[in-house]
Amino acid sequence: MALTPQTIGLNMSHGFSGSYARQPDMIVNTAPLGGTEIIPFGTPLVRGENGAVLPMGTGNTGNQFIGVAGREVKSPAEFFNQNVGQYSPEEPVSVFQRGCINVKCQKGSPAIDGTVYVRVTASGNYQPGGFEAEADGANTVALSNAQWNGPADNHGVAELRIAYVGPAPAVSGSAGEDGGYYQPSVSEAGELTWAASKEGMPAVASANIMGPQGPKGDTGETGPQGPAGSDGAPGAQGPAGENGGYYTPTVDTSGNLSWAASKEGMPAVTGANIRGPQGEQGPQGPAGQDGAQGPAGQDGAQGPEGPQGPAGPSYTLPDATTAVRGGVLQMAAIADLSAAPTQQDFNNLLAALRTAGMLANS
């Protein structure tokens, strides 16, 4: 005898929460369950760390919704929990992200194309994480990518239509009125004041924020030398210094150089003999022009003529050497020095002595 299935009632049941309502055009992905909570089938989900999913609830916003925990046939882990539909932490979860799926509506009456809310703050007997069909202030958030697809059945299960894969981008509100701002300023005495950027803003009390002076810190390392600065303006000329005196050189005929101090109290300077060995005799110079003849003297009385004597030997005046006296030229005059002698003054004196033949050249 054939069975004749019958349904008694006015509405068909939607089935279990988390069951797929319609097959075409649906997207289901798999992700591990993060956190430490066990979640039932039909739970709204958000994205956690490293691609895992978490149950949506306290602290979440509507645009973070990514899908619903889908119902799957699972092998029971315990004998007495044969019909418990849930996911445990780290288990793979079927994340229903687009299409139609049955979920439990815990508050309100779903209507086709109606707004879907998820509770994020407990209120009365309603706990965070449940789907709802009416707003409850800040206790619920609206989903921007999902709508109800019709009313709920007698068990509170209704068809939820997810339009596209979340999370949805946050919607920017209109720009608010410029509320102004306060510009802080601190004086050298540590007085903190606040200047309003626009008229009508309430005044902010000032405060002194300078604390007691702390202990002196350790000396830091010496930094690199900076670039040289530009030369400063010349300073004023200082007073004339005390006359330090000077030394006058004298050279005797033996070549002894001595120094005479110009004032008392000056330290004595040791003299030195500056006469070197006589150089080789140079070639004889050309004869000079005869000088003008002097006037003739008065004739004396003529004496008697004496006998003629023998001719005497001739004599040639030799040049002076370090061992033989001889003829030398008079040295050119050198003007007295008006300041302390320099090395150049001393060398000039030596050159004049060599030229006069009083000092050997080497």
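The values are calculated or read from the model by the stated rules, or taken from the named source; none is laboratory data. Quantities reported herein were computed from a predicted structural model and do not represent experimental measurements. Here Cβ is always computed from backbone atoms with ideal geometry, including for glycine, and neighbour counts include all displayed protein chains. The area values use the complete protein model at the heavy-atom level, side chains included, leaving out ligands, DNA and RNA. Shrake-Rupley method; radii C 1.70, N 1.55, O 1.52, S 1.80 Å.
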Check: Do you know which residues across segment 311-322 are farther than 17 Å from ASN273 by Cβ and surrounded by 10 or more Cβ atoms within 10 Å (Cβ to Cβ)?
Finding: PRO318, ASP319
Margin query: Yes or no: segment 140-148 includes at least one residue that is out of contact with any His (no Cβ under 9 Å at 6 or more places or on another chain) and outside any strand (DSSP E or B).
Written below: no
Checklist line | Single match in GLY232, GLY226, GLY238, GLY211 (criterion: open to solvent by 60 Å² or more (accessible area, probe 1.4 Å), among the small types (Gly, Ala, Ser) and free of Cβ contacts under 8 Å to residues at least 60 places away in the same chain) | finding: GLY232
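For every residue, the table says whether it meets (1) surrounded by 10 or more Cβ atoms within 10 Å (Cβ to Cβ); (2) among the aliphatic types (A, V, I, L, M); (3) farther than 30 Å from ASN243 by Cβ; (4) over 60 Å from the mean Cα position of the chain (by Cα).
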| position | (1), (2), (3), (4) |
| --- | --- |
| ALA261 | yes, yes, no, yes |
| ILE274 | yes, yes, no, yes |
| GLN278 | yes, no, yes, yes |
| GLY285 | no, no, yes, yes |
| VAL324 | no, yes, yes, yes |
| ALA340 | yes, yes, no, no |
Next item on the list: Name the residue, out of GLY297, GLY288, GLY276, GLY282, that is over 30 Å from VAL328 (Cα atoms) and in a loop (DSSP other than H, G, I, E, B).
Entry: GLY297
Note to self: I need a count of the residues in segment 32-69 that are free of Cβ contacts under 8 Å to residues at least 24 places away in the same chain and open to solvent by 70 Å² or more (accessible area, probe 1.4 Å).
What the structure shows: 2
Note to self: Against the condition of a type in the set (Gly, Ala, Ser) and on the phi > 0 side of the Ramachandran plot, how does GLY327 come out, does it pass?
What the structure shows: no
Margin query: Name the residue that is nearest to the chain's Cα centre (by Cα), counting only residues in segment 241-259 that are hydroxyl-bearing (Ser, Thr, Tyr) and open to solvent by 80 Å² or more (accessible area, probe 1.4 Å).
Written below: TYR246
Notebook entry, point to check: If we scan segment 149-164, do we find a residue that is among the hydrophobic types (A, V, I, L, M, F, W, C), touching a helix residue (DSSP H, G or I) at 6+ places or on another chain (Cβ under 7 Å) and touching a residue at least 60 places away in the same chain (Cβ under 8 Å)?
Noted result: no
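To keep it simple, each residue is scored yes or no on (1) farther than 18 Å from ASN256 by Cβ; (2) part of a loop (DSSP other than H, G, I, E, B).
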| position | (1), (2) |
| --- | --- |
| LEU317 | yes, yes |
| THR322 | no, yes |
| MET331 | no, yes |
| ALA340 | yes, yes |
| ARG354 | no, no |
| LEU359 | no, yes |
Next item on the list: Please tell me if GLY34 is at positive phi and either at pLDDT 65 or above or charged (D, E, K, R) (or both).
Entry: no
Check: What are the residues in segment 114-155 that are aromatic (Phe, Trp, Tyr) and open to solvent by 50 Å² or more (accessible area, probe 1.4 Å), if any?
Finding: TYR126
Next item on the list: Select, from GLU78, GLU72, GLU90, the only residue that is in a loop (DSSP other than H, G, I, E, B), open to solvent by 70 Å² or more (accessible area, probe 1.4 Å) and modelled with pLDDT of 90 or more.
Entry: GLU90
Margin query: With the requirement that a residue be open to solvent by 70 Å² or more (accessible area, probe 1.4 Å) and touching a residue at least 12 places away in the same chain (Cβ under 8 Å), what does segment 342-353 give you?
Written below: ASN348
